[in-house]
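Trainee: Please see the structure below; I have some questions.
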Amino acid sequence: MQKYIINVCLSTCLVILSGDVALAAKKKPKPLGQPIQESQLFSTTIKIKNGKKQTEKAIKCFGTVAGQTKNHQTKGLLFLAYGKIAKKSVGAKKKQYENLAKLGKKSCVSPSFASLDEYKGTFGLKEARTLYNRFAFGGTTQQINLAVAEGLNKTVERLTNYIEEPGIDAAEKDLQCDGYFAPHPQNRTCNALNKNDLAMDGVIIGSHYRMLKSANPFFEKVFFWIHDERLSTSTNALGSWEYYAIKEYISSVRNLARGGSYKQYMRDMMYDELMHLKYLDGESNSGYSPNENFAREFLELGTTGPKNRLGNPVYSNQDVAYAALVFTGWNMDCENGQCNASFNFNNHYAGTKIIFDDTPYRAVITNPNPNSPIGAFGEMELLLDAVFNHPRTAEHLAEDIWKEFINSHPTEGGIKELAELIRDSNYELLKVLRIVMKSRAMFDQGSKLDLIKHPIDLVIGFLRTTGLPVHYREISNILNSLGQRLLRPDTVFGWDEKILADEARVLDWRNKLLPLIQQNDDDFEEAGYDLHARFLDDYPGTQVLIQRVADQLNVELNQVQLNRLIEYMDYVMELCTWGHQTQCAAGQSYLGQGVYFLKRNQYDPHIDSGNWKNKLKGLIALIAMLPDYRMK
Amino acid sequence: MSLGMKRRDFLKVLSAGTCGAALHNVLSPHGSVMAWAAPPTMPLASNTILVVLNLLGGCSYNIAPIYHGAYRAKMPTTSFDPGTSLPLTSEQGLHPSLVGLKSVYNEGHLALMNLVGYPNENRSHAESGDIWATGYRNLNPAIAGGWLARLSCQIGGYMAGVSLSGNNQIIQTNSCSSTKSISDLNNFGETSFGGESYGSKWLRDTRAALIATSDTPRTENEIYVTSSMMNLESVLTQIQQQTNITLPVTFPGTGLGNKFRDAAKLIAANALGVRLIYVEKGGFDTHSGERQSLTNNLNEVNGAITAFVACMKALNLWDRIILITTSEFSRTFENGSQGTDHGHAAAMIVLGGSVNGGVKTPTPTGPQISAANQYFGSSMIHIDFRQVFKEAIVEMGYDATAVFPETFANTQFTDVNIFG
């Protein structure tokens, strides 16, 4: 593990010196880019025992990620100061400071601060934006200001209280039928007597529409996370006579997101026609010819996960085989173009199964009613209890929650703490997430901008934050181009947001963003969107406008970038040959290349100025294309 | 049968490398910019480049006019005789505009397939277009994705498949990032930003500067994202430089001429790994006044293809090229407006240095033409259009069944030996 940390450090470290020369380092550090500010450094706390009294002291580690304690040192760090002070001390004091230095170093390698303790620091604009970016796809200026005014607790309470939305429900239902709203000629009323009268595209379009428009973005975000991370499934598995199954799956995921128990969710998945029977081949799983697909993913993705924190296997192939036998006997019964799940106990293996054999979590699954479906259902309950009694189930869930909502480097202590919380909350996801949202770990310096946005975060977030109008069908097209269409992942593992942020997808995002920004005046007017009123009502100067847009998109610009954007706003680019030879000759050429030159054309916020529109659109696009905008 | 991906299939995908993963694997944040651009080591056949030219609107059968009396009777003002066209055989020729293509035929490298279609015709532009683009007769295009995209995913790499005519269905896929839509090599696949003289360049330059001066990333994820963006800027610059080529042939300054010029540049920049190019030319929906309209359009086609062929020969790339024409359908016999309406079975042309030329499936006979009601329907087709593409894909060295998984009804011809 240490070697890995060092290798990671060597290959990715961009730490450089700041201020005066480092202490004690024999090798001169290699400066790379701008100096790291102390506020950027990874922080943790150490617990200091002084007799019976224990206090906590915050220290800054001289790395930017957990484990990065070698390399360069910055003057003034508490951590380092202990070591430095120790050298200058004698006797008991020396020993004390040496111990502190050692403790600090250990804590920096694997910090064990009370991560889920309630955050009591400043809840300002930056913190509010982080909360909204991670749990609500982002927030408008008004929402962020309200959050700051209300404070963290009230904001979390508001975000996590579900508000009924009959209008959105109706709109989604309308779209599920055919993918169109009236008065489009393809809009129709679905046949209420035919549960399969749905359009799969329409279901996806409806889900995206809901994400964009819902007043409950927290629940939409959690819905997406569950669908992505916890046994993903695809509508591709359904024939038109089975379409009803998608609504049942969506309902199960929403129930979990809106306050359900994760154990109940896994129970729902055991009975889910789309996930279990169709996508993961449950209908092909019989006692005579077992199919392990669902059983394997049930364990690997849905519950314990394949390995524990030490990298040791949690379950064996035999466990998978036995779990598969528990699930035997299901199939889809179809008649007259209508299908339903059914259970045939003749296809079920009713013999005894043993799960987690040779472990403290061993469970024997027997069937007292082998000739009845009740017996098989009983077996499924016993299996469910067995996996939820295994400590890894809560830990695995904790890891996924941490890596989606807190940061990419969960600590041992943090996972242990979160897993305990999950168990104590009876796996009620909403309870757990409320605590996570208010935790110190969430707002720790080391968590800041550490997570990569999914394309859904990017697109829905951009649209929700800016309010730019978009056709309801276009969202699916945009997300399809970015590699992520809800309810249609390529695999049961869902999506990898890192892969979806690679070079190819960066270009795809740009090519989707620019047309969105460049919608013409008629489109804006039709949608009731007033670009000028949103940004320029008070006729801000260039710098104020730039900061306003950056704040709204939660991007922190440094001075160099700010200056460059001022230049962007205040100039256009023209060819030297277009009647400006004098200026070219005078050397006013951009970058000194003599081909283009900058002509002063300062952006004017007045509505009749004619140039503000393009400049503003360009500014929004530029900031939304920066690396920080891709992070949350 | 379940369509869900099983573990075994997923692992197969992983080992082959989904395009995004493969791209990431060969281009680490600090790896070589050029490493990903070269396609993985492939057998020589896979250096073949497929160019698909879609004649949008439904191209009349008079692209390859039939000389039978029955046909001429049904097409009094729109058809041609041997004296006013370019005969290939005693029964059929090429439209008089296609002089350059006739030369290729004379060299033995142009193949003509008659009565190409699919079962149960659909005569809607959009729906039939989707069928040709997806390779599925009955699957929702949004689910199916484009067949050229499927082939691009097989080939892999950042730019395996390029559309020079917009984000057509044929390149749509959710499975990988190997297809690109390019409107203009100057913007290189990037949507332009208008409103100012050099708005796009100003925006791009500013963006590049902003990314380059971003604060030092602190976390592994931030490093990854920043590196992706920096690498892309660098790569786009490299690509622009690589395609900043002076070609040995001057292309006509028509819309299609420009596209084929760009196609030639992409092909010549071998390190980019472009293996599939899709181009469109509109204007073939000749409901009236077909003779002149078709002539004008095919003049443009001829000019562009002739220059392209000459360029490929000059660059010693002709043997690696396969160019195939498609259209969403052919057309009916003549209507009352000296034009034609939507039909079905079409004439399809394949040309390239490795093509074994000739008229590969028989010209419709007089009795067939007489028996046909308004147009050559799906009951008359000689060969399924997917079979033609499949032969090209096999010639390229790829799995044609993966590109066209849907099995189709038997037709008179299943293998016409386009490539010897």
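Taken together, the values in this text are just the output of simple stated rules run on the coordinates, not laboratory data. Just so it is clear, the structure is predicted and the values come from calculations on it, not from any experiment. Methodologically, a virtual Cβ is constructed for each residue, glycine included, from the backbone with ideal geometry; neighbour enumeration extends over all protein chains shown.
Trainee: With θ taken as phi - 60° and the coefficients 6.51, -1.76 and 1.60, list the Karplus ³J(HN,Hα) couplings across region B:334-347 in order, rounded to whole Hz; mark glycine and proline as x.
Mentor: Each residue of region B:334-347 in turn: 5, 9, x, 10, 6, x, 9, 10, 5, x, 8, 4, 10, 9 Hz.
Trainee: Here's another thing I want to ask about it. Among A:520-532, B:350-362, how do they line up from the highest to the lowest mean number of other beta-carbon atoms within 10 Å?
Mentor: B:350-362, A:520-532
Trainee: Amide H of B:N54 versus every other amide H placed in the peptide plane: which residues, excluding those fewer than 5 positions away on the same chain, fall under 5 Å?
Mentor: The list, which skips near neighbours in sequence, is B:V279, B:E280, B:K281, B:T326.
Trainee: Relative contact order of region A:248-336: what whole-number percent is it, with Cα pairs under 8 angstrom and at least 6 residues apart?
Mentor: 28
Trainee: Normalised by the empirical 2.2 N^0.38 Å for globular proteins, what value does the Cα Rg of region A:295-362 take?
Mentor: In units of the globular-protein estimate, region A:295-362 measures up at 1.43.
Trainee: Just tell me which aspartates and glutamates come within less than 19 Å, Cα to Cα, of A:K353; anything on the same chain fewer than 8 places away is out.
Mentor: Of all the aspartates and glutamates, those that pass the test against A:K353 - Cα under 19 Å, at least 8 places apart if same chain - are A:E292, A:E297, A:E300, A:D319, A:E379, A:E381, A:D385.
Trainee: Per-residue mean of other chain beta-carbon atoms within 10 angstrom of the beta-carbon, peptide A:621-630?
Mentor: The shielding value for this peptide is 6.
Trainee: Same structure again: Checking the cross-link filter: which aspartates and glutamates have an alpha carbon closer than 18 Å to that of A:K126, excluding same-chain neighbours under 8 positions apart?
Mentor: A:E38, A:E118, A:E150, A:D444, A:D450, A:D457, A:D551, A:E556, A:D628, B:D215, B:E222
Trainee: Another question, then. Please pull out the direction-averaged projected area of region A:244-335, using the convex hull of its alpha-carbon atoms, in nm² to one decimal place.
Mentor: 6.8
Trainee: Quick one: Karplus J couplings for region B:238-250, per residue in order, coefficients 6.51, -1.76, 1.60, θ = phi - 60°, nearest Hz, x for Gly and Pro?
Mentor: Coupling constants for region B:238-250: 4, 5, 4, 5, 5, 8, 7, 10, 8, 7, x, 10, 8 Hz.
Trainee: Pop out the ³J(HN,Hα) list for region A:324-337 in order, Karplus 6.51 cos²θ - 1.76 cosθ + 1.60 with θ = phi - 60°, rounded to Hz; leave Gly and Pro as x.
Mentor: Rounded to whole hertz, the list is 4, 5, 4, 8, 6, x, 8, 7, 9, 9, 10, 8, 6, x.
Trainee: Sticking with this structure for a sec: Could you list which residues have their amide H under 5 Å from that of B:G358, counting only those 5 or more apart in sequence or on another chain, with H placed in the peptide plane?
Mentor: It is B:L110, B:A111, B:L112, by chain and number.
Trainee: Largest first and to the nearest Å, give the Cα extent of region A:491-561 along each principal axis.
Mentor: Result for region A:491-561: principal-axis Cα extents of 49, 37, 19 Å.
Trainee: Give me, ordered by chain and number, the residues 5 or more places off B:I66 or on other chains with an amide H under 5 Å from its own placed amide H.
Mentor: Placed amide hydrogens put B:F80 under 5 Å from B:I66.
Trainee: With each pseudo-label sitting 7 Å past Cα toward Cβ, what's the A:Q96-A:T122 distance in nm, one decimal?
Mentor: Placing both labels 7 Å beyond Cα along the Cβ direction yields 3.2 nm.
Trainee: How many partner chain Cβ atoms sit within 10 Å of a residue's Cβ in peptide A:484-495, on average, as a whole number?
Mentor: Partner-chain Cβ atoms within 10 Å, mean over residues of A:484-495: 3.
Trainee: Okay, moving on. Within 10 Å, count the other beta carbons around each residue, average over each peptide in A:498-504, A:535-541, and list them highest first.
Mentor: Packing order, densest peptide first, comes out as A:498-504, A:535-541.
Trainee: Further question: Could you give P(r) for region B:196-353, binned at 5 Å from zero, as whole percent values over all Cα-Cα pairs?
Mentor: Cα pair-distance distribution for region B:196-353, in percent: 2, 7, 12, 14, 12, 11, 10, 10, 8, 6, 4, 2, 1, 0, 0.
Trainee: Within 10 Å, count the other beta carbons around each residue, average over each peptide in B:392-403, A:385-396, A:341-352, and list them highest first.
Mentor: Packing proxy ranking, top to bottom: A:385-396, B:392-403, A:341-352.
Trainee: Given the Cα atoms of region A:342-404, and with Rh set as the inverse mean 1/r over their pairs in the Kirkwood sense, what is Rg to Rh to two decimals?
Mentor: 1.12
Trainee: What number in nm² do you get for region A:162-262 if you take the convex hull of its Cα atoms and divide its surface by four?
Mentor: 6.7
Trainee: Taking every residue in A:554-565, how many Cβ atoms of other protein chains lie within 10 Å of its Cβ, on average?
Mentor: Taking the mean over all residues of the peptide, I get 3.
Trainee: Expected output is a single nm value to one decimal: the length gained when fully extending between B:A371 and B:T414, i.e. 0.36 nm times separation in residues minus the C-alpha distance. What is it?
Mentor: Full extension from B:A371 to B:T414 adds 13.1 nm.
Trainee: Could you tell me the relative contact order of region A:237-284? Use alpha-carbon pairs under 8 Å, at least six residues apart, and round to a whole percent.
Mentor: Computed value for region A:237-284: 41 percent relative contact order.
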